[in-house]
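See structure below.
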Amino acid sequence: MSNRIWNVCLILLGCAFLVLLADFAISAGRTRELALKLQPQNAAEPAPLRVALISQELNNPFWRSIEEGARDSARKYGMEIEYAGPLRIDAAEQVRLLEKAVASGVDALLLQGLGDPAYAKLIDDASERGIPVVAVDADEPESRRIAYVGTDNRAAGETMGKLVTEAIGGSGRIGVLLGSEATNQQLRLDGFRAVISRYPSMSVADIRISHISRLQAAKQAQEMLQKYPDLKAIVGFSALDGLGIAEATALAGASNVRVFAFDDLENTRQAIRNGRIVATIVQNPYRIGEEAIGVLHDYLAGGTGTELHYSDATVLDRRALLAEEDEEDEEGGEGTESTDGRDGKEEVNGKEDANGKEELQ
């Protein structure tokens, strides 16, 4: 009897021990869970700054090169580029894209100035929301943008004026094609006229818009040649203008008319080699995008840098082109063709180009 009682007691004691052990395990688990909750969590990686880049035309090589430079620079600073633009040049669409970017809560903006008070007001509104804006390619100086990065367009126009004056001997009538009515085009025209006005025997006979279209440039140049058969030169201030003008002069048999272009396309280079285009002014869009991000980074870091940042622009004529090709031959032909504004090209802004990119603007 006593043994049976003893066995029952042992069983009850074992059950009690198991219950206590289970309760301890549960308590320990809960304690560990609470301890984990109370431990400081690792800080999350900061989200990259969102920078909207609004182009004049989405697939324009000039703007794609700006995008490339901006993206390469943005990676260094923890920024993310959101690239957008109208499929065809459309100022109203640029306005809509600006409004959309601001509404989406981007951290900063890179955009082309339109020379429009209403557009400047939108830039001011973005600034008031704490969104810094950098103008690229064309400035919007009457707005609260923090800086402009791009070609000194008036200086480029003055350089073009000097080229034309020298080529036609300071006497004769000239036709001019603008790619659009954008402020950068108007500044180029202003600089060009400032030089031409110094020569009483020189004048601008006609100014037309090509809408950055080779076909339109050819059409407008043809009409100029018909209306003013005594033209000594025709100047194009956007990339496709020069090629269109060269086609028009060839069709009209007007080999005596000097053709001048803007920007650095391979077809333009070939026309210079063939003597169909006298010279072109080369911009550096990659550097524009790269430097615009640098300006933005400095501003966000508390810097108070300069307001105007002019990128390189150079003159490419046949002499400079041949010199460039000779240098490549001496290097054994291992390098790719350069469009960087070096090798004897006359400089517009007193600097040398550093990045060879196909350009269209």
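The values are calculated or read from the model by the stated rules, or taken from the named source; none is laboratory data. Source: prediction; values computed, not measured. Positions of Cβ are backbone-derived with ideal geometry, glycine not excepted, and every protein chain shown enters the neighbour counts.
The table for this structure:
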| quantity | calculated |
| --- | --- |
| When residues of the stretch 136-164 are limited to those that are of a type in the set (A, V, I, L, M) and assigned to a loop (DSSP other than H, G, I, E, B), the one farthest from Phe237 (Cα to Cα) | Ile146 |
| When residues of the stretch 99-111 are limited to those that are touching a strand residue (DSSP E or B) at 6+ places or on another chain (Cβ under 6 Å) and not β-branched (Val, Ile, Thr), the one surrounded by the fewest Cβ atoms within 10 Å (Cβ to Cβ) | Asp107 |
| Only one of Ala167, Ala261 that is outside the structural domain of Leu114 (by TED's automatic domain parsing), modelled with pLDDT of 95 or more and assigned to a helix (DSSP H, G or I) | Ala167 |
| Residue in the stretch 281-290 that is assigned to a strand (DSSP E or B) and modelled with pLDDT of 95 or more present | yes |
| Residue among Ala84, Ala120, Ala147 that is of a type in the set (A, V, I, L, M) and under 19 Å from Gln186 (Cα atoms) | Ala120 |
| Qualifying residue in the stretch 211-228 (condition: over 23 Å from Ala101 (Cα atoms), of a type in the set (Lys, Arg), assigned to a strand (DSSP E or B) and at pLDDT 95 or above) | no |
| Residues (of a type in the set (Val, Ile, Thr) and either assigned to a helix (DSSP H, G or I) or without any contact (Cβ under 8 Å) to a residue 12 or more places away in the chain (or both)) located in the stretch 229-246 | Ile245 |
| Residue pairs meeting the criteria (Cβ under 6 Å; at least 6 apart or on separate chains; first more than 16 Å from Ile281 (Cα to Cα), in the stretch 185-197; second surrounded by fewer than 21 Cβ atoms within 10 Å (Cβ to Cβ) and at pLDDT below 95) | none |
| Number of the condition not met by Asp72 [criteria: (1) at pLDDT 95 or above; (2) surrounded by fewer than 16 Cβ atoms within 10 Å (Cβ to Cβ); (3) over 15 Å from Gly289 (Cα atoms)] | (3) |
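A quick yes/no check of all residues on (1) closer than 28 Å to Phe192 by Cα; (2) among the charged types (D, E, K, R); (3) outside the structural domain of Ala301 (by TED's automatic domain parsing):
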| residue | (1), (2), (3) |
| --- | --- |
| Ala84 | no, no, no |
| Ile89 | yes, no, no |
| Leu98 | no, no, no |
| Leu111 | yes, no, no |
| Ala135 | yes, no, no |
| Lys162 | yes, yes, yes |
